[in-house]
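Heads up: the structure comes next, in structure tokens.
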Amino acid sequence: MLNFQSIKFRLVALGVGLTLIGILVRYFLALPLVREHAHELAATQQLSIATYIARDIDHGITSRQALIERLAADLPPELAGQPEKLTGWLKERLDINPLFNKGLLAVRPDGHGLLGEHPAIANRSQLDYAAADWFLAAVRTKKPAIGKPMRGRVSGDPLIIFSAPVRDSAGNIVTVLAGVAQLNAPGFLDRLQETQLGATGGFLLVSPADRLFVASSDPAMILQPTPRPGVNLLHDRAMAGYRGTGITINAIGVEEFSAMASVPSTGWFVVARMPTKEAFRLVEALGDFMTKSIPALIITVLTLLLLALPRILRPLTDTARAMRNMADGKIRLAPLPVIRDDEVGEVVKGFNFLVERLHKEEAAREASETRLKYLAHHDSLTGLYNRAMLEERLMQALACAQRDGSQIALLFCDLDGFKPVNDQHGHDAGDEVLRQVAHRLIDGRRRIDTVARLGGDEFVVLLTGLKDARSGAAAVARQCLDAIAEPFEVEGKSFTLGMSIGIALHAGVAVAPSYLMAQADIAMYRAKREGKGNCFYMEEAVVAETGHLSG
């Protein structure tokens, strides 16, 4: 007969009761908490991805805006009446700055046809541009403008056109210079259109003013109109200006988790979206597992207690006491000795295995955190500092220069002839060349100097604590040019590259790091324009103690 007053029964009842309480706590308290944290983590990660892509797109737009404005300012007005020279000028500028992969156009002042173009595309010169939004905006405002994303009337490709008026000395518009960029061109929007988020998610680039999907991971949505109001409530909020994260039902009835981030220069916004079924599948799987495992868990606990209690009460008490002391921090978390090879011994072995796994996981977590900290400040390919760390070091250097009167030199380095290496020999060969370039640039640098990779084949060398920035920068630039001029040996192949270096110098009061970077970038393009393998100094980057720019 079952004795309800026995210690065995009480312990069994207690064990089963505690098991049920633990299940309820996990199911009604822990699981919702896990869901909440999972949602917060997914929101943070997805918004971070959307923001990164939006900034990348914004950089592509502003770079092209600045380029078309600069080209319009540089175009001699008298070339408007000299078609052959005008075409040659357009070709030369497009070869130097190939951001407009579909060509440069010089449109007649009345918009009826072209004065020149490069490259020449059949029938494009016969088109009428008088009603084009980008042409009208440039003529009316006499300022650079961006057209509405569209499909080319000749090629049918998704395009966006940047325009700027060219005026003579009297202020009359002699032509409208237009740069045509294909939306999915390499380095522009191709990564957004070719990249998926998870297994089934993706990205959208939306123009609220045009109510248009500018780009999408789904090719069928490119340059398609956005849903009408009321179809997708979160989309409606985003069109009205909301930026953040949320869950919504899309136009085809799928529940999605979305994050929206703005592209400031255009008023567009990026949407990173993923079906909630995929985004939170681990949490839902955990909930299903907990639900399905409750009966099995109760039966298992009850069986083990009924079978094991008569023989293990005392040893189990000792073991439990040791475990509690470890959990309370009274003794160090460590394996327990296996006194007997019975059920208690198995429990102890299981505990010891758990301790071992915890130690391994802790070691792995520490290693992972160390790696993440490293990647946060370094380029994963070359091991050099990345843009974020460069900006931090540059801010420190500017503050130090203001404090002690020292001078700074910023060398913006861009490889000449690197693209054929990737195109002809593959990205593995290109990556190895970039690693070798990094080793050569860092060789001989001082501990207080900084060498960083911005991306692609662009590198920056920051020289600090200089007494004579010009001579110091000249010496380092010559070392870099000589080092890069040496052949690169990769898998039995030899490559010869060059480098163009733009140099910005600074001393005195602090300026914005972005200003100094922009000066060095401009100088690099000037160096390329004067002939590859050159250096160019931006003297105006030197600031006297009065705070005024000096030549």
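The values are calculated or read from the model by the stated rules, or taken from the named source; none is laboratory data. As the structure is a computational prediction, the values presented were derived from the model and not from experiment. Virtual Cβ from ideal backbone geometry, glycine too; neighbours counted across all protein chains shown.
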Candidate set: region 78-118, residues that are in contact with an Asp or Glu (Cβ under 8 Å, 6 or more places away or on another chain) and assigned to a strand (DSSP E or B); chosen: the one nearest to THR62 (Cα to Cα): LEU104
Residues being without any contact (Cβ under 8 Å) to a residue 24 or more places away in the chain and among the acidic types (Asp, Glu) - total across region 60-76: 1
Count of residues meeting criterion [in a helix (DSSP H, G or I) and either touching a residue at least 24 places away in the same chain (Cβ under 8 Å) or loosely packed, with under 11 Cβ neighbours inside 10 Å (or both)] in region 332-352: 6
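Just one of ARG93, ARG35 is among the basic types (Lys, Arg) and either modelled with pLDDT of 80 or more or under 17 Å from VAL180 (Cβ atoms) (or both); which is it?
When all the criteria are applied, what remains is ARG93.
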Every pair of residues 6+ apart whose Cβ atoms lie under 6 Å, when the first sits in region 420-438 and is farther than 19 Å from LEU454 by Cα while the second is buried (at least 19 other Cβ atoms within 10 Å of the Cβ) and of a type in the set (Ser, Thr, Tyr): none
Elements of type strands (runs of 3 or more DSSP E) in region 445-507, at least 1 residues being in the same structural domain as ARG403 (by TED's automatic domain parsing) and closer than 17 Å to ILE408 by Cβ: 450-455, 458-466, 498-507
Matching entry among GLN5, GLN82 (being outside the structural domain of MET260 (by TED's automatic domain parsing), modelled with pLDDT of 90 or more and surrounded by fewer than 16 Cβ atoms within 10 Å (Cβ to Cβ)): GLN82
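Pick from region 353-387 the residues that are of a type in the set (A, V, I, L, M, F, W, C) and in a loop (DSSP other than H, G, I, E, B): which of them is surrounded by the most Cβ atoms within 10 Å (Cβ to Cβ)?
LEU384
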Residue tally, condition assigned to a loop (DSSP other than H, G, I, E, B) and within 9 Å of HIS506 (Cα to Cα), over region 394-405: 0
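Taking the conditions exactly as written (assigned to a helix (DSSP H, G or I), touching a Ser or Thr at 6+ places or on another chain (Cβ under 7 Å), under 25 Å from ARG447 (Cβ atoms) and touching a residue at least 24 places away in the same chain (Cβ under 8 Å)), does LEU390 satisfy them or not?
Here the answer is yes, as LEU390 does meet what is asked.
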Exclusive hit being among the acidic types (Asp, Glu) and closer than 23 Å to ALA474 by Cα, set ASP404, ASP328, ASP342: ASP404
Unmet criterion (only one of (1) in contact with a Pro (Cβ under 7 Å, 6 or more places away or on another chain); (2) buried (at least 19 other Cβ atoms within 10 Å of the Cβ); (3) not small (Gly, Ala, Ser)) for ARG211: (2)
